[in-house]
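Have a look at the structure below, then the notes.
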Amino acid sequence: AAGPAPLRGKVALVTGASRGIGRGIAIELGRAGAQVYVTGRSLRGDLPRPTDVSDDLTLERTVEEVMAAGGVGHLVCCDHADDASVSEAFARIAREAGGLDILVNNAFSADGINGGSGLRAPFWEQGSEMWDRVTGVGLRSHYVCACEAVPLMRARGGGIMVQISSFGGSSYIFNVAYGVAKAAVDRLTADMHVELKPLGISTVSLYPGVVKTEHNLLLLKSGEWEAASGGMDLTSGETPAFSGKAVVAIASSSPEYLRRISGSVQVVAELATELGFADEGGRIPASIRSLKFLLPNYVFPEMRKGGLPIPTFLDTLVPDVRLPWDVFRGGPPTV
């Protein structure tokens, strides 16, 4: 559908939408006219009173912003580690909306992992805790939501399931368990496509780039970002809204296009070029598999650490050339 509200009349569910990428997607779906259900556990009554609007990382705030953007927002308190809670959420959508057109599987839980040491540690030190966290809410929860969503999508004659995945599904980043979980999300997308294709339901794994989430911006402010990220440049990163625009563009696409991309991995920045949307200020960041992203974020920093005098102006001169996915199977580029 074309026009300022291409998703008017559509019903969407975004899991894990109190903050970060999920919140950005929910707001953009609202801006496109959708009726948006948002799930999560963060409610204002359960958290300390925020000192600033940027500290208000709650479902209430997301719903307010969905409404302000022109959509209809519905708050659904839901623990995605609890199947009964998830079933109740879908039962409510069935009662109130009669079906579901768009599912965005975004919920992910690794906050405070390993005593706060974060994602970067050897797997033998992380042990089973990291594995259980990222394959629980973040993989199993996606599967459970997809199971619940199919009957609701069949009631609407079809639909689209978008799994928020990561470059870690194709290359080593952060840790072993994270990569296994994200690779499994991509396989979930591919294999669900096989069974859902006859039902007119499409599936896509979505790879954002480096995203300016509230958490990442806080790490940057506190001076912890470089160690946490491995030295990636957050200042030139993507906004959460950019992923939201990608989901809107996919969900607004023709049935022919959806059939063509169903089961595949799609990169937010590449979709921007293909489908004609941009991040704040009209900017289109480089794809995470482009030399324009990889050299300044991985290769040049390592060369500088090794004592090679790589001038910083070279960072802006790297061409936007995308590498084949097979290049990354053994890990990120190294010197």
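The values are calculated or read from the model by the stated rules, or taken from the named source; none is laboratory data. Here the structure is a predicted model, which means the values were calculated and not measured. Cβ placement follows ideal geometry from the backbone for every residue including glycine, while neighbour counts extend to all protein chains displayed. What goes into the accessible areas is simple: the full protein's heavy atoms, side chains included, and nothing from ligands, DNA or RNA. Shrake-Rupley method; radii C 1.70, N 1.55, O 1.52, S 1.80 Å.
Overview of results
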| read-out | value |
| --- | --- |
| Those residues of region 244-264 which are out of contact with any Gly (no Cβ under 6 Å at 6 or more places or on another chain) and under 12 Å from I25 (Cβ atoms), in sequence order | K245, A246, V247, V248, A249, I250, A251 |
| Criterion: open to solvent by 20 Å² or more (accessible area, probe 1.4 Å), of a type outside the set (F, W, Y) and out of contact with any strand residue (DSSP E or B) (no Cβ under 9 Å at 6 or more places or on another chain) - qualifying residue of K212, K221 | K221 |
| Region 289-307, residues that are among the aliphatic types (A, V, I, L, M) and out of contact with any Asp or Glu (no Cβ under 9 Å at 6 or more places or on another chain) | L294, V299, M303 |
| Flag for P285 being assigned to a helix (DSSP H, G or I), open to solvent by less than 60 Å² (accessible area, probe 1.4 Å) and either charged (D, E, K, R) or touching a residue at least 24 places away in the same chain (Cβ under 8 Å) (or both) | no |
| Matching residues, region 232-255, being assigned to a helix (DSSP H, G or I), open to solvent by 10 Å² or more (accessible area, probe 1.4 Å) and in contact with a strand residue (DSSP E or B) (Cβ under 9 Å, 6 or more places away or on another chain) | P240, A251, P255 |
| In region 173-194, residue farthest from S262 (Cα to Cα) [restricted to those that are assigned to a helix (DSSP H, G or I) and of a type outside the set (A, V, I, L, M)] | Y178 |
| Matching residues, region 194-209, being open to solvent by 40 Å² or more (accessible area, probe 1.4 Å) and touching a residue at least 24 places away in the same chain (Cβ under 8 Å) | V194, K197, L199, G200 |
| Search result, residues across region 100-112 that are over 17 Å from T58 (Cβ atoms), surrounded by 17 or more Cβ atoms within 10 Å (Cβ to Cβ) and small (G, A, S) | A110 |
| Failed item, numbered, when G138 is tested on (1) more than 20 Å from the chain's Cα centre (by Cα); (2) modelled with pLDDT under 90 | (1) |
| Output for region 305-322, where each listed residue is open to solvent by 90 Å² or more (accessible area, probe 1.4 Å) and free of Cβ contacts under 8 Å to residues at least 40 places away in the same chain | K305, P309, T312, F313, T316, L317, D320 |
| Criterion: among the hydrophobic types (A, V, I, L, M, F, W, C) and without any contact (Cβ under 8 Å) to a residue 40 or more places away in the chain - qualifying residue of A269, A278 | A278 |
| Qualifying residue in region 218-231 (condition: in a helix (DSSP H, G or I), under 15 Å from G24 (Cβ atoms) and not small (G, A, S)) | no |
| Hey, T203 in a helix (DSSP H, G or I) and among the β-branched types (V, I, T) or not | no |
| Those residues of region 62-99 which are in contact (Cβ under 8 Å) with a residue 24 or more places away in the chain and part of a loop (DSSP other than H, G, I, E, B), in sequence order | A69, G70, G71, C78, D79, H80, A81, G98, G99 |
| Selection from region 210-248 of residues that are free of Cβ contacts under 8 Å to residues at least 60 places away in the same chain and farther than 30 Å from M303 by Cα | A246 |
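Listed here are the residues, each with its yes/no results for (1) open to solvent by less than 10 Å² (accessible area, probe 1.4 Å); (2) of a type in the set (A, V, I, L, M, F, W, C); (3) more than 24 Å from V14 (Cβ to Cβ).
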site	(1), (2), (3)
G127	no, no, yes
L139	no, yes, no
V144	no, yes, no
R154	no, no, no
Q163	yes, no, no
R187	no, no, no
